[in-house]
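A quick write-up on the structure given underneath.
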Amino acid sequence: MLKQIFNKLPKKSSKTDSDELSRSSESPQAAGKSQQRSNGGGASLKRASSSAVFPASMVSGIEPLVPFKDVPNAEKMNLFVSKLSLCCVTFDFTDPSKNIADKDVKRKTLVELVDFVASGSMRFSEPAILAMCRMCAINLFRVFPPNYRANGVVASGGENDDDDPMFDPAWPHLQLVYELLLKFISSSCLDAKVAKKYIDHSFISKLLELFDSEDPRERDCLKTILHRVYGKFMVHRPFIRKSINNIFYRFVIETEKHNGIAELLEIFGSVISGFALPLKEEHKIFLWRVLIPLHKPKSLGVYFQQLSFCITQFLEKEPKLASIVISGLLKYWPVTNSQKEVMFLGELEEILEGISMVEFQRIMVPLFLRLGCCINSLHFQVAERTLFLWNNDHIVNLIAHNRHAILPIIFPALERNIKSHWNPAVVNLTHNIRKMFVEMDEKLFVSCHAQYKEDEAILILEAEKRKEAWKQLEQVASLKPVIGNTAVLVSPLMT
Amino acid sequence: MAMVDQPLYPIAVLIDELKNEDIQLRLNSIRRLSTIARALGEERTRKELIPFLSENNDDDDEVLLATAEELGVFVPYVGGVEHASVLLPPLETLCTVEETCVRDKSVESLCRIGAQMREQDLVDHFIPLVKRLASGEWFTARVSSCGLFHIAYPSAPEALKTELRTIYGQLCQDDMPMVRRSAATNLGKFAATVEAAHLKTDIMSVFDDLTQDDQDSVRLLAVEGCAALGKLLEPQDCVAHILPVIVNFSQDKSWRVRYMVANQLYELCEAVGPDSTKTELVPAYVRLLRDNEAEVRIAAAGKVTKFSRILSPELAIQHILPCVKELSTDSSQHVRSALASVIMGMAPVLGKDATIEQLLPIFLSLLKDEFPDVRLNIISKLDQVNQVIGIDLLSQSLLPAIVELAEDRHWRVRLAIIEYIPLLASQLGVGFFDDKLGALCMQWLKDKVYSIRDAAANNVKRLAEEFGPEWAMQHIIPQVLDMINDPHYLYRMTILHAISLLAPVLGSEITSTNLLPLVVNAAKDRVPNIKFNVAKVLQSIIPIVEESVVESTIKPCLVELSEDPDVDVRFFASQALQSSDQVKMSS
């Protein structure tokens, strides 16, 4: 589809184009026609879409067109198309001294277009929609330049790495194009049934690719636009969800590099809240296969808030998913990254806040095994954050109800902290929780204590037994040489 | 001995251990799977252990990864190749998990097992497995399947082969980009097993699809496969099918694609033959050398020598050399650096005249580059130029460059130039070295950075090796030994280190007459760190010198040190004494 659009591009840098445009300023009708004519003209596909390769620098001057208010209503749509094609010219912004006048003409035209679309005075004709999509494609769909910081090529002693993201110098125009596209898509004058032919899968894919932009302003524009597209084009919804999922999969499974995860999740935040009940299988798979694995990448911190919001949205829709979500968190629980661990604990508390008794009971055993480890964490923030869970009345209530299952699991962790944690605040908090359990059920506490003493002895014994068992095994193994037909591959680990 | 009579349940031990909360214990037990298997014997391994492992797939990824790895070398434990197929089910499950490393490892293990399996077993067990994975509901299975076709295909009967090719074609058009990427990555491997007739039809159409994929990432991987595929085809087919694609790619709008082409292009030259290289690939390559994106130019510049080597000297001079000239003044230092690292290799390709006339000015300008990496890269490949035009033409400009690098404020730069000093010395000859470089080598021994001093000591040793003990005694040893009296203890330590390195090179006689007295003298140093280093050096000298010297000089010194007030000095002295006794005993 996009290729079709591209094929109809006018020769944007040719003289004739600007001639036509300047002529058209006398008669808007002629402008419409000349547009049509040049549509059939040569395709400068390469040039238009590859501004990164060949910054369009040899653009001959462009002439402004008459303002909208100076033409009768009947001509406005044609003028709209002409103005859009004028904006298909792209400029080299790396050199600010180049084409200053022309750049300004384009900027003013874009502003006019934004105002026109915002006024919402008339329905957009099909050629107008086509022209709009084409103009956006030419201006927006570009390949991002290499990111020198991320690539290992740089060896300059690491002194000049300022961490500023790379911004496209053409942003002043890009911003207006984004604004225009947003107004256009949200406009009530845009008939989705007609527009879906042009705002199609390929167009949406290209929009999604732009989410990898380093510029947060650009990602913000994209987020709003895509959100509107999702709202307006019902037919494209499954495609959009699928495409975003693919981005997530690639991020989690292959690259761990993408700038727009937070924005994409933000879109999903509101998409999820619109899911119908009961939840479709597809959406549950999304939770399990996409959202939960998104906890794994090390850059979690960048999009954690949005991710956590999505998860909460899901659980508000369907509280029965809580135990599944928690078991997912346990699966991806960070082993060495304490900062991530604190985030996980925060999310966990939020989930536990709203969890039902049944769901809680389903997951509590593995959960508290993990929390036991967190309580003992040498990173005091992790230990502290875990112990703060007991400040939450709902959680304490859940624990109190199931104390017979939970206390035996975490008792050793509490004892270990009191005995040997280096951080006084953590020791203090642990004391409080211990006291809480004593007040809760003294009998249970005493029996746990006794059990703990016993277990400690057993543990040592078991380790001994295990060692003995392996020794025996190895002896037996050494007596039974392998008689396979192939040469024996003895792994270096066994002796 | 009574223990042996007790019944032992190896599987029970494993199961028990795998239930443990401590992941380390679970990992350990998986790592010792082979022990369990041997204890069980082949039959029970097949009937009990492997089925158990097939079910134990809900563990931590780390445990699963270990399982996948162990199973790859498990063939002997299940009774050899005729039973290898029992290993497939657990690995098949592991091929479908979420975590990429587990899946990759499982595929690797499956390939390893499949490569040993008997043909009939492959048809009965392996190929059905590949087909199951390829039609897996979840994309992870399909991703894994792509890496198994090249094992399955060769032993399949004709009908099955057709089916496998069709399935692979479908994978290349899968709905999920992840699967298409995997199919693109593995295409070269699979294509290598496919018969020439089908290569031209089936595989090429698959390849065409991939090169037109709407996802950048897929196309990128297709380019990567270009060269591998090109080598499989007949030159005329390669010209007909691959060449247009690659030429097209070299003008792709995505710089990543162009970058990939720049990296691969020279490999394709061999596949398409000299004529097409001249008409098609050279212009494409020249375009890449002049690409707008520095990243692409870096990749292209790094290949100028390899590319020129394939061309005739005339072509290289006519087309490549002008670009090289431009690149040598490129605005990106990384481009210049990439060029500098390979440009010396062009000298043998172009021959003496062209080198002197055209390349030499470029060398000289790069030697004066403001970016130290560029200069270093030139110096590191000096030998290649030396072979063609001799070093004399360069030596004038070389010295200032070396001196400047030797004093660079980044210690890594200094370190790099030190590494090249022995090479330089061998290329420039003794005379040049004596005049200009000797002083630098001494200067480095007193560098502020330990790594430099360490490298400098090593450098002295390598020089002694290069020019021989006699030269060393005349030109470097006196200066080095002079420094043993430096007021700074760290510098004295450096010299001790240098002595320990030099001793084996210089031999017994010089060591005992020239070096040893200094070391023994240093044993009276006031700094304990020097003293225990003396002990260490003496220990290393013991095997080199005559036994009489050990008895008369080294031992008394060590005995004295072993009564030092400092605990570390005593420790190392007694260690050295012990080793001297051992040497004596063994001799």
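Below is a table of values for the structure above.
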quantity	calculated
Residue order for B:Phe126, A:Phe144 - accessible surface, 1.4 angstrom probe, largest first	A:Phe144, B:Phe126
Förster-model FRET efficiency, 25 Å R0, B:Ser552 and B:His488, C-beta, rounded to 0.05	0.20
In the range B:339-418, GluC sites (Glu not before Pro) in a DSSP loop with at most 11 other beta-carbon atoms within 10 Å	B:Glu370
Size of charge dipole - the protein assembly as shown - debye, nearest 20, with Cβ of Lys, Arg +1 and Asp, Glu -1, no other charges	2820 debye
Where only C-alpha atoms are counted, convex hull volume of the range A:320-434 per residue in Å³	86 Å³
Label-point separation in nm, A:Cys189 to B:Ser540, each point 7 Å along Cα→Cβ	8.5 nm
Label-point separation in nm, A:Ala400 to A:Leu277, each point 7 Å along Cα→Cβ	2.9 nm
In order through the range B:402-413: 3J(HN,Hα) via Karplus (6.51 cos²θ - 1.76 cosθ + 1.60), integer Hz, x for Gly, Pro	5, 4, 5, 5, 5, 10, 4, 7, 8, 5, 5, 5
Anisotropy class of the range B:268-385 from Cα gyration tensor, a/c 1.5 cut	oblate
Where only C-alpha atoms are counted, convex hull volume of the range A:335-382 per residue in Å³	69 Å³
Cα point-scatterer Debye curve for chain B, base-10 log of I(q)/I(0) at q = 0.10, 0.12 Å⁻¹	-1.03, -1.04
Amide hydrogen neighbours beyond the local backbone of B:Asp566, cut-off 5 Å, H modeled	none
5 angstrom amide H check on A:Val143, placed H, neighbours 5+ away	A:Ala52
Vicinal HN-Hα couplings computed from phi for the range B:48-56 (Karplus, 6.51 cos²θ - 1.76 cosθ + 1.60; Hz; Gly/Pro x)	10, 5, 5, x, 4, 5, 4, 8, 7
Gyration tensor verdict on the range A:240-370 (Cα atoms; rounded if a/c is under 1.5, prolate if a/b is larger than b/c, oblate otherwise)	oblate
Hz values of 3J(HN,Hα) by residue in the range A:265-278 - Karplus curve (6.51, -1.76, 1.60), Gly and Pro given as x	5, 4, 4, 5, x, 7, 5, 4, 5, x, 4, 7, 9, x
Where chymotrypsin sites (Phe, Trp or Tyr not before Pro) fall in DSSP loop in the range B:404-512, at most 13 other Cβ within 10 Å	none
Directionally averaged projected area (convex hull, Cα atoms, the range B:485-586), nm²	5.8 nm²
Value of [θ]222 nm, deg cm²/dmol, for chain B, DSSP H segments ≥ 4, -39500 (n - 2.57) each, nearest 500	-20500 deg cm²/dmol
The range A:176-243 pair-distance distribution - Cα-Cα, 10 Å bins, rounded %	20, 58, 21, 1
Peptide A:331-343, shielding by other chains (average Cβ, 10 Å cutoff)	1
Whole-Å semi-axes of the range B:393-527's equivalent ellipsoid (Cα gyration tensor)	25, 18, 11
Gained length - B:Glu465 relative to B:Arg309, 0.36 nm times residue gap less alpha-carbon distance	52.7 nm
Calculated FRET value between B:Glu158 and B:Glu108, using beta carbons and R₀ = 35 Å, to 0.05	0.75
Sparse-neighbour loop sites [GluC sites (Glu not before Pro); the range A:248-297; at most 16 other C-beta within 10 Å; DSSP]	A:Glu256
Pairwise FRET efficiency - B:Glu509 versus B:Ile356, Cβ, R0 = 35 Å, nearest 0.05	0.15
Within 10 Å of each Cβ in A:463-472, the average number of Cβ atoms from other chains	4
Label-point gap, in nm, between B:Ser397 and A:Glu63 - each point 7 angstrom along Cα→Cβ	5.5 nm
Accessible-area order (highest first, 1.4 angstrom probe) of the listed residues B:Asp566, B:Asp175	B:Asp175, B:Asp566
Prolate/oblate/rounded call for the protein assembly as shown, Cα gyration tensor, a/c under 1.5 rounded	oblate
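The values are calculated or read from the model by the stated rules, or taken from the named source; none is laboratory data. On a predicted model such as this, the values are computed, not experimentally measured, just so you know. Cβ coordinates were reconstructed from backbone atoms using ideal geometry, including for glycine residues, and neighbour counts include every protein chain displayed. What goes into the accessible areas is simple: the full protein's heavy atoms, side chains included, and nothing from ligands, DNA or RNA. Shrake-Rupley method; radii C 1.70, N 1.55, O 1.52, S 1.80 Å.
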